[in-house]
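Student: Below is the structure I would like to discuss, written out as structure tokens.
Please treat every number below as a calculation from the coordinates, not as lab data. All of these numbers come straight from a predicted model, not from anything done at the bench. Quick reminder, even Gly has a Cβ in these numbers, built from the backbone with ideal geometry, and neighbours come from all protein chains shown.
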Amino acid sequence: VTKHAFREIDPENYEEVYAFNLLHEYSFRDSSSAYKPDTEGERARKTQNIVDRLRKGDQSYFCLAVFKESSSEMIGAIFCDRYEIDKHPACHIHGLWVHPEHRKMGLAKKLKLDAEDWAKKMGSKFMDTNVRVGNQNMISLNESLGYEVARLNFRKTL
Ligand SMILES: CC(C)(COP(=O)(O)OP(=O)(O)OC[C@H]1O[C@@H](n2cnc3c(N)ncnc32)[C@H](O)[C@@H]1OP(=O)(O)O)[C@@H](O)C(=O)NCCC(=O)NCCS
């Protein structure tokens, strides 16, 4: 039994796209010590980019949100982008975020599974996503959903 509503955001509703972009920004804020908030100018530009891409209707973006029942409060979001990776049509997950008060209820899992259904329908051959090494939550969620490590990102402090 779920008391939450899942639906794609409406590109004609600027406030809603702005909120979606903000939740997307939070996925970086809550998973990286290097996070610096976007300026309002950057937020407006990123929001407009999502509006434009969704209006284009080419189904390259999938912007799925989850709302608290009986309110328009957006409490979770997954942002997907279809493009070629290693010469195959793929679906990259740019970000995933769930409000702290609504975590550990399976919302992120449902967002990811819905994204997979969409990507499969659109002809993507695989899902692709990046996770910080310290984000154990997300690493185990990915593993439980059948994701495998495809690439390692090495850094050296200079
Ligand atoms: C990572 C994040 C999206 C997970 O969201 P979530 O909705 O809590 O995730 P889920 O509930 O779907 O699954 C999380 C865990 O809760 C467990 N869980 C699900 N339902 C549960 C329940 N009823 N009781 C207890 N645990 C439960 C799941 O098994 C899962 O555990 P696992 O990771 O060991 O497999 C969320 O913590 C978040 O927004 N973090 C900050 C941003 C971030 O790190 N984003 C990802 C960047 S790559």
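Student: Is the C-alpha gyration tensor of region 1-80 telling us rounded, prolate or oblate? Criteria: a/c under 1.5 is rounded; beyond that, a/b larger than b/c is prolate, otherwise oblate.
Tutor: On the way: a/c = 1.76, a/b = 1.12, b/c = 1.58.
It comes out oblate by the Cα gyration axes.
Student: Rounded to the nearest 500, what is the 222 nm mean residue ellipticity of the chain from helices alone, with -39500 (n - 2.57) per DSSP H run of 4+ residues and division by all residues? Could the numbers behind the result be given before it?
Tutor: Numbers: 4 runs with 57 residues, N = 158.
Value at 222 nm, helices only: -11500 deg cm²/dmol.
Student: Taking K and R as +1 and D and E as -1, what net charge do the other residues with C-beta under 14 Å from the C-beta of ALA34 add up to? Can you show the working numbers first?
Tutor: Details: positive: ARG29, LYS36, ARG132, ARG155; negative: GLU25, ASP30, ASP38.
Here the count lands on +1.
Student: Using the Cα centre of region 50-127 as the reference point, and only Cβ charges (+1 on K/R, -1 on D/E), how large is the resulting charge dipole? Debye, rounded to the nearest 20.
Tutor: Working: 14 positive and 11 negative charges, 33 e Å.
For region 50-127, the charge dipole is close to 160 debye.
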